[in-house]
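The values are calculated or read from the model by the stated rules, or taken from the named source; none is laboratory data. This is a predicted model, so every value here is computed, not measured. All Cβ positions, even for glycine, are placed from backbone atoms using ideal geometry, and neighbour counts span all protein chains on display.
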């Protein structure tokens, strides 16, 4: 019996080794790695790809968003978009929100990051204060600033009335309300840019600065030739994220002006919302959504490819 058990063990050892090799090959194979993408692909298809395809399909109909009856009208919604008198102004506003917020957030965020990367007292508290608006809902942030700028009883107008007899209706001024909304969006998300730049600054070796100082380089020269090139990955991340966020801005506009007066301060996202729910024109709203998707993809991907080429590997 003892001899037979030894023979059985000796027979099973090669089988165990073969199974072990099989599982090792399976774990190291690209096929298994690709299978791990499957849950993400399923979620992506369910929540992004399918709605995108459905949006294209709806844009080819005259559906009102509620009724079960509709008919296909081909590209009529897109032709209507080209003749819409408000569309050019809305697209211009969308680019102001996207590009304007991106420039301001990156310039001010970088300034904060450089300042708070120094050895100064209380920098942890300042970082917290600058980042704090990020955790507030954009809708709530919009209402907070609305009560500051509003015509009747606004905090700013209370100050203006100390010096004049007439309050300023800033949110109804088409020349100012877009820039006020851009400022509010910038104020809320400066903290994100600051954190990304702080991480980038802290990853730069001090040896570069010490060598530059030995060569007699000025602070401006060090910033231009060391800091900016080595911050390129952080700049790429911030610019692309800020562009996407600004181009699809909705909450702050909805809270402060609701896109008005008329469509004077509307973005594509708020115009799409108003057309869907106020006019019950889901087909046209879907076509605006597709236009916004194309604009965001083209702008963000162009910025991403351009900025990635300029990155310097440390």
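For the range 45-89, a tally of residues being surrounded by 16 or more Cβ atoms within 10 Å (Cβ to Cβ) and either modelled with pLDDT under 90 or part of a helix (DSSP H, G or I) (or both) returns 9. For the range 252-273, a residue qualifies if it is touching a helix residue (DSSP H, G or I) at 6+ places or on another chain (Cβ under 7 Å) and part of a loop (DSSP other than H, G, I, E, B), and the qualifying residues are 257, 259, 261, 263, 264, 265, 266, 267. Criterion first (without any contact (Cβ under 8 Å) to a residue 24 or more places away in the chain, surrounded by 16 or more Cβ atoms within 10 Å (Cβ to Cβ), out of contact with any strand residue (DSSP E or B) (no Cβ under 9 Å at 6 or more places or on another chain) and in a helix (DSSP H, G or I)) does residue 226 satisfy it? The answer is yes for residue 226.
What about residue 249, is it crowded, with 20+ Cβ neighbours inside 10 Å and not in a helix (DSSP H, G or I)?
Values: crowded, with 20+ Cβ neighbours inside 10 Å: yes; not in a helix (DSSP H, G or I): yes.
Yes, satisfied.
Being touching a helix residue (DSSP H, G or I) at 6+ places or on another chain (Cβ under 9 Å), over 24 Å from residue 263 (Cα atoms) and modelled with pLDDT of 90 or more is the requirement here; does residue 178 meet it? No; evaluated as a whole, the condition is false for this residue. Give the residues of the range 252-289 that are surrounded by fewer than 19 Cβ atoms within 10 Å (Cβ to Cβ) and either touching a strand residue (DSSP E or B) at 6+ places or on another chain (Cβ under 7 Å) or more than 24 Å from residue 180 (Cβ to Cβ) (or both), sorted by residue number. Selection gives 277, 279, 280.
Just to be sure before I move on: is residue 237 more than 25 Å from residue 191 (Cα to Cα), part of a helix (DSSP H, G or I) and in contact with a helix residue (DSSP H, G or I) (Cβ under 9 Å, 6 or more places away or on another chain) in the structure I sent? Considered against the rule, which asks whether it is more than 25 Å from residue 191 (Cα to Cα), part of a helix (DSSP H, G or I) and in contact with a helix residue (DSSP H, G or I) (Cβ under 9 Å, 6 or more places away or on another chain), residue 237 comes out as no.
Does the range 274-295 contain at least one residue that is assigned to a helix (DSSP H, G or I), over 30 Å from residue 73 (Cα atoms) and touching a residue at least 40 places away in the same chain (Cβ under 8 Å)?
Checked the range 274-295: no residue is assigned to a helix (DSSP H, G or I), over 30 Å from residue 73 (Cα atoms) and touching a residue at least 40 places away in the same chain (Cβ under 8 Å).
Right, residue 42: under 24 Å from the mean Cα position of the chain (by Cα), closer than 22 Å to residue 288 by Cα and either outside any helix (DSSP H, G or I) or without any contact (Cβ under 8 Å) to a residue 12 or more places away in the chain (or both) or not? Against the criterion (under 24 Å from the mean Cα position of the chain (by Cα), closer than 22 Å to residue 288 by Cα and either outside any helix (DSSP H, G or I) or without any contact (Cβ under 8 Å) to a residue 12 or more places away in the chain (or both)), residue 42 does not qualify.
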